[in-house]
Amino acid sequence: MDKEDNGLIVGPDGALRCFWPGSEPDYLHYHDHEWGRPVTDDRRLFEKICLEGFQSGLSWITILRKRENFREAFSDFDFEKLAAHGDPEVERHLLNAGIIRHRGKIASVFNNARKAVEMCERHGSLARWFWSFEPGADERPPVVDLAYARANPTTPVSTRISKELKALGWTFVGPTTVYAFMQAMGLVNDHMEGCVCRELVELERSQFKRP
């Protein structure tokens, strides 16, 4: 694939896409069919915030290729089930070569599961809480391009969400992690101008019913 100076690549079908999936088929599929599509399913939201935490210091493709292993290990990210587990589960998962064996990140899944249950009890759903932070038009750039992507690994909104999550006891939810979560779950559309998916995602977001 050829990379353009504007941060786009020409795919095997001749269409322009964001540069970051490269030529990896599973990464391209994720870019085309998941990334940026608005999500309200609480379990998928919880999965993503956890996996973004695991990604810290690693590449997303590493996590993506292990995603089914993570789902099997963590009860498909059913946070109500996970909330009931404790330290013995952490020790067991440290022996699982199919996931990222980082004690702090594994423990964070169980901690955050308990916090997710509390959030649902207080706000009705994770989706309702997260989507209440969706940036308004005045908080978004006029153009999403390579310069914007490079200059904005965090935003004021992701920093605000991060601070509130940490105050509630969540872990591994720094501003960069949160912004990656926002991009993936459709709270923003960061497909670059000219990407074949940008207008499709924008249409989906316009028809999307916020929780």
Check your understanding: Once you list every other residue whose beta carbon is under 14 Å from the beta carbon of Leu58, what net charge do they have if Lys and Arg are +1 and Asp and Glu are -1?
Key -> +4
Check your understanding: Considering every pair of different Cα atoms, what Kirkwood radius, in Å, is found for segment 116-211?
Key -> 14.4 Å
Study note, to complete from the structure: The relative contact order of the chain, taking Cα pairs under 8 Å that sit 6 or more residues apart, comes to a percentage of 30 percent
Practice item. Measure nothing fancy, just the Cα-based angle from helix 198-207's long axis to the longest principal axis of the chain, in degrees from 0 to 90, nearest 10. Key: 60 degrees
Point to revise | Radius 10 Å from Cβ of Asp26, net charge of other residues (Lys, Arg +1; Asp, Glu -1) | key: +1
Point to revise | Where N is the number of residues in segment 1-62, Cα Rg divided by 2.2 N^0.38 Å | key: 1.28
Point to revise | Separation of alpha-carbon centers, segment 172-211 and segment 119-164, rounded to whole Å | key: 10 Å
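Return the tail of the calculated pair distribution for segment 32-142, meaning the percent of Cα-Cα pairs more than 20 Å apart. Before the final figure, lay out each step's value.
Details: 2674 of 6105 pairs.
Of all Cα-Cα distances in segment 32-142, 44 percent exceed 20 Å.
First measure r as the distance between the Cβ atoms of Glu68 and Thr154, then evaluate 1/(1 + (r/R0)^6) with R0 = 35 Å and state the FRET efficiency to the nearest 0.05.
Here the calculated transfer efficiency is 0.75.
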Check your understanding: Using alpha carbons only, how many degrees (0 to 90, rounded to 10) separate the axis of helix 42-55 from the longest principal axis of the chain?
Key -> 80 degrees
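Summing -39500 (n - 2.57) over the DSSP H runs of n ≥ 4 in the chain and dividing by its residue number, what mean residue ellipticity at 222 nm do you reach, to the nearest 500 deg cm²/dmol? Can you show the working numbers first?
Values: 12 runs with 112 residues, N = 211.
One gets -15000 deg cm²/dmol as the mean residue ellipticity at 222 nm.
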Practice item. Could you work out how far helix 156-167 tilts from the main Cα principal axis of the chain, as a 0 to 90 degree angle to the nearest 10? Key: 0 degrees
Exercise for review: Using per-residue counts of other Cβ atoms within 10 Å, averaged over each peptide, order 35-45, 105-115, 178-188 from highest down.
Suggested key: 178-188, 105-115, 35-45
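May I ask for the Rg/Rh ratio of the chain, computed from Cα atoms with Rh as the Kirkwood radius, given to two decimals?
On the way: Rg = 17.3 Å, Rh = 17.9 Å.
When Rh is taken as the Kirkwood radius, the ratio is 0.97.
What is the local net charge at Met182, summed over the other residues whose Cβ is closer than 12 Å to its Cβ (Lys, Arg +1; Asp, Glu -1)?
Working: positive: Lys48, Arg140, Arg160; negative: Glu52, Glu134, Glu139, Asp190.
Neighbourhood net charge equals -1.
Laboratory data are not the source of any read-out in this text; all were calculated from the coordinates shown. What you are looking at is a predicted structure, and each value in this text was computed from that prediction instead of being measured. Please note: Cβ atoms are built from the backbone with ideal geometry, for glycine as well, and neighbour counts cover all protein chains shown.
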